[in-house]
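Notes to accompany the following structure.
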Amino acid sequence: MRPFALKCKVNGLAIEREIPSSRSLLDFIREDLGLKGTKEGCGEGECGACLVLLDGKAVNSCLMMAVQLHGKELVTIEGLKGRDGGLHALQKTFMEEGAVQCGFCTPGLIIASEALLRRKPDATLEDIKQELTGNLCRCTGYEKVLSAVEKARDNRNA
Amino acid sequence: MTVSRTETSMDAKDLKVVNKPVRKQDALGLACGEPVFADDQEFKGLLHAKLLWSPHAHARIKKIDVSAALKVPGVKAVLTYKDVPRVPHTTAGQGYPEPSPYDTYTLDSKVRYVGDRVAAVAAETPEAAQEAVSKIKVDYEVLPAVLDPFEAMKDGAPVIHDEPDSKNIPDARRNIAAKFDFEVKNGEWFKEADHVLEHSWSIPYLQHCALEPHTSIAYFDNFGRVVLRTSTQVPFHVRRIVAQALKLPVKKIRVIKPRIGGGFGSKQEVLEDIVAALALKTRRPVKLEYTRKETFVSSRTRHPAVCRMKAGVKNDGTITDAEMEITLNTGAYGSHALTVMMCSGSHTIPMYRVKNNIRFVGRSVYTNMPVAGAYRGYGATQGFFAWECLMDMLAESIGMDPVEFRRRNYIKLGEGSPVFKAMGEGREGVEQVITSTGLFEAIQKGMDEIKWAEKRAKYAKQSGPVRRGVGAACMMQGSGIPEVDMASATIKMNEDGSFNLLVGAADLGTGSDTILAQIAAEVLGVKTEDIVVTSSDTDVTPFDVGAYASSTTFISGGAAKKAAEKVRDMVLAVGAKILDKKPEALRLEGGKVVAADGASCALSEVANTSLYYYDQHQICATASHYGHTSPPPFQANFAEVEVDTGTGKVKVLDYVSCVDCGTAINPQLAEGQNDGAVVNGISHTLSEELEFSSNGTPLNASFRRYKILSAADTPPVRTFIIPTWEPAGPFGAKSVSEIGINGPLPAIANAIYAACGVRLFDAPFTPDRVLAAIKKAGKR
Ligand code: FES
Ligand code: FES
């Protein structure tokens, strides 16, 4: 198979790579780029641990091919920054509210929440719950995750 | 906005660090996606492992041909039973000698369930490994299989462990992996009872669903030792059991536990032998990562159970007799077969005073099904489902409010139970009395929050197809296994007045690193941030049995406190020299050694003095701790449900869980533990069940088809921490991690009954099942 000449932006940096066209986006992120914050919890689009932002929209990287990244902009958990360049608002509130237990689901949850708040800055609790349906978390029972997202929304809108 | 749901106990008032919602130490790295999990590090020359799993529930391998597999480009090793030592062992990560039968082999010439190991491959890429797996030719002699534990105990059933070299199987011919009978007899059975009720309750195959699949990497250090970087709850047991299975000296193995993506018991299982064997064969680093499907089928599950209970009650509310007969399906291997069974009785029967007679009959039975193991709740989940539903039925039979009935009978401060001593975990149990309990307050708080009296009255008269009800259930668990579980901690002091805390305790996402740091910080008069925690590395950290049996706060916390006290005394001794005072006149506070007259010196000065100037020594101490008792945490659970009697759909409207865990070392983390346990329990109650075809093939081994609750379908869960002070625990603490998972099954079952008059005995309460029960009871 001929390699594919991939051009894209990852976490703000322009990237050019030759990749096998069969490479999954998740493997490209974790293995080729070495960005380990994006996790594989199921490999079948059911857990949300592998969520990344593709042109601002949350997508399951385990279900996509790396070639689909061509000409697009990818943001992973490592690329999220706050307005001041420091921690992102969601990263802060997840810590403050105790929404991180094992943390394996956390990058995916933060990415999903970020996509929602970008799209809908005044998202209601119900909106948040609906948005996070694709993100499984077995540790927290979601209670503190939901408060973290609500708090980030309120801080952002304050 | 979140309101703190935690009140501070009287005794906890003077605490500076403990009982505060200190930020979890690893939260920052986790929230930023730092490479902290087993699979997040790169290894040069890494090989990928894949296993061939049995397609048959029961078969003998007549011939196995790996020649085609070995020819696949990139394949470096293929192992079958011919290539590995044959050592009977258990995969249960328990204290030595493990009370589980030695009935497992790294690879065997017989397979005992669909999903059992047949062979293992290591190759340059996962694809090559998978291709090689598909090219292994196996000629099976398919044997008759038995999937049901009751069938398996009958004469003439297929014998699953007919191999001569397995050890400690009580009755292999009847497929019994563990059994225990116990009776307290103070008179004729049920003689005094005005009412005698009896029923059976059942729980299906359930899986932990930790988000991180089992992942292990085996590589070599500079001395040719095998290093296992693995997602485990039990690093020291991994080292010991892998050494045993592969016939290596313990000193040749190092186990590193990085951050763990959840365990809930599934990672209390030692499955690392095979990846270590592949590394030994190839002399290369090898990674084995289970797929989600493999995690469902070939890691471990909760023991499915049928629990029959029979109890008598007098009209005045006295429980006269109680009998529990539990049959657990342990699957193909007896991992945790005995101990889960014991806990199904030992954590539940003592909950209520029984006046005359008590009987427990337990069997753990082999079947040709996936292997059960440890799962949060550990038998108490199965036992309490029965006991707490039966309590509701007994209350009804005498016309008493179910909460009032529980209040009269639950175990009180200073009371014991003959069960504690009789039912240990592989050894005799330990006699104990209750030394702290907040159950009275927990029940009161729960009743207030759910509006028990008001809603019981209101919902008593309902019409129409949609009915509401409230139900209750009370729980206890343990805090570690008394006189079995041991933990240790080492603390050493650094120049800047900070300390390293080295613990074998395995934080698997629970926050144990943080609470252990809080305990040490409290003693040493510093901030939690001044305690740098390392957990766990068998080369570096002292021994700890690991994260199970709700032991870490109580046992490892006790070790951290003792080590800190030793270090405190060493610090004070140096401080005394610096300040020219008697050590007894000094205390540690705010990062300083402080005297009564206000004189003080910084901890950094103490450290530098000891390291560089005077009477030079490293301030450092190790301490060990084990429990003589296992003080139970208590919990009151209240559920409000809505049942659509037309569709059978059950909606949980509100769930209140009030937990007495002694002092919550970190209230925020304790709440999080309980929230997560409760939601897992609700998920068990409403939807979870691993299903199988008639030949034992799993049918729904994926998140798509095995439904665990997501944020959208999780009902409001409200955890309230009821502070008490446990004298045997560090700063009054007891355990909190497991208890919450046991409440939802009975609390929701009882609420459903209150709503529509139908009792459910078989989990999960899916619409189909509920509807069938409603129809059967003629309640429509
Ligand atoms: S790994 Fe992509 S959704 Fe689970
Ligand atoms: S924090 Fe462990 S899965 Fe969410």
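Things worth noting here:
- Candidates A:Leu132, A:Leu74: the one that is open to solvent by less than 20 Å² (accessible area, probe 1.4 Å) and in contact with a strand residue (DSSP E or B) (Cβ under 8 Å, 6 or more places away or on another chain) is A:Leu74.
- Output for the range B:203-241, where each listed residue is open to solvent by 10 Å² or more (accessible area, probe 1.4 Å) and within 16 Å of ligand 1 (Cβ to nearest atom): B:His214
- For the range B:165-180, the criterion of a residue being within 14 Å of chain A (Cβ to nearest Cβ), over 24 Å from B:Arg359 (Cα atoms), open to solvent by less than 40 Å² (accessible area, probe 1.4 Å) and more than 16 Å from ligand 2 (Cβ to nearest atom) is satisfied by no position.
- Whichever residue in the range A:138-158 is away from ligand 1 (no atom under 16 Å from the Cβ) and of a type in the set (D, E, K, R) and, among such residues, is farthest from the other protein chains (Cβ to nearest Cβ): A:Arg156
- Pairs where the first residue, in the range A:16-40, is free of Cβ contacts under 8 Å to residues at least 12 places away in the same chain and the second is open to solvent by 10 Å² or more (accessible area, probe 1.4 Å) and assigned to a strand (DSSP E or B), C-beta under 8 Å, 6+ apart: A:Glu16/A:Ala5; A:Glu16/A:Lys7
- Count of residues meeting criterion [closer than 17 Å to B:Asp139 by Cβ, in contact with a Leu (Cβ under 8 Å, 6 or more places away or on another chain) and either touching a residue at least 60 places away in the same chain (Cβ under 8 Å) or open to solvent by 20 Å² or more (accessible area, probe 1.4 Å) (or both)] in the range B:58-105: 4
- Strands (runs of 3 or more DSSP E) (entirely within the range B:193-244) containing at least 3 residues that are within 16 Å of ligand 2 (Cβ to nearest atom) and at pLDDT below 95: none
- Subset of the range A:48-63 (residues that are crowded, with 19+ Cβ neighbours inside 10 Å and in contact (Cβ under 8 Å) with a residue 40 or more places away in the chain): A:Gly48, A:Ala49, A:Cys50, A:Leu51, A:Val52, A:Leu53, A:Ala58, A:Asn60
- Top-ranked residue in the range B:186-202 [being within 13 Å of B:Lys355 (Cβ to Cβ) and acidic (Asp, Glu); ranked as least open to solvent (accessible area, probe 1.4 Å)]: B:Glu192
- Filter result for B:Gly33 (small (Gly, Ala, Ser), part of a loop (DSSP other than H, G, I, E, B) and either within 14 Å of chain A (Cβ to nearest Cβ) or closer than 27 Å to B:Thr534 by Cα (or both)): yes
Yes/no matrix, rows are residues, columns are (1) away from ligand 2 (no atom under 16 Å from the Cβ); (2) more than 12 Å from B:Gly33 (Cα to Cα):
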position	(1), (2)
A:Leu33	yes, yes
A:Thr38	no, no
A:Glu44	yes, yes
A:Gly48	no, yes
A:Leu53	yes, yes
A:Lys57	yes, yes
A:Ser61	yes, yes
A:Met65	yes, yes
A:Gly71	yes, yes
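- Counting only residues that are away from chain A (no Cβ under 14 Å) and touching a Pro at 6+ places or on another chain (Cβ under 7 Å), the range B:640-661 holds 9 of them.
- Residues in the range B:234-259 that are among the β-branched types (Val, Ile, Thr) and more than 20 Å from the chain's Cα centre (by Cα): B:Val242, B:Val250, B:Ile253, B:Val255, B:Ile256.
- For the range A:76-85, the criterion of being within 15 Å of ligand 2 (Cβ to nearest atom) and in contact (Cβ under 8 Å) with a residue 40 or more places away in the chain is met by at least one residue.
One line per residue, one yes/no per condition, for (1) open to solvent by less than 20 Å² (accessible area, probe 1.4 Å); (2) under 22 Å from A:Glu46 (Cβ atoms); (3) without any contact (Cβ under 8 Å) to a residue 12 or more places away in the chain:
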{"site": "B:Ser687", "(1), (2), (3)": "no, yes, no"}
{"site": "B:Arg705", "(1), (2), (3)": "no, yes, yes"}
{"site": "B:Ser735", "(1), (2), (3)": "yes, no, no"}
{"site": "B:Ile739", "(1), (2), (3)": "yes, no, no"}
{"site": "B:Asn750", "(1), (2), (3)": "yes, no, no"}
{"site": "B:Asp762", "(1), (2), (3)": "no, no, no"}
{"site": "B:Thr766", "(1), (2), (3)": "no, yes, no"}
{"site": "B:Ala777", "(1), (2), (3)": "no, no, no"}
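- Single match in B:Gly377, B:Gly426, B:Gly399 (criterion: assigned to a loop (DSSP other than H, G, I, E, B), touching a Cys at 6+ places or on another chain (Cβ under 9 Å) and at positive phi): B:Gly377
- Unique match (being on the phi > 0 side of the Ramachandran plot, away from ligand 1 (no atom under 16 Å from the Cβ) and open to solvent by less than 40 Å² (accessible area, probe 1.4 Å)) among A:Gly45, A:Gly98, A:Gly103, A:Gly12: A:Gly98
The values are calculated or read from the model by the stated rules, or taken from the named source; none is laboratory data. The structure presented is a predicted model; accordingly, all values stated were derived computationally and were not measured. With ideal geometry, Cβ positions are generated from the backbone for all residues, glycine too; neighbour counts draw on all protein chains shown. Heavy atoms of the whole protein, side chains included, go into the accessibility calculation; ligands, DNA and RNA do not. Shrake-Rupley method; radii C 1.70, N 1.55, O 1.52, S 1.80 Å.
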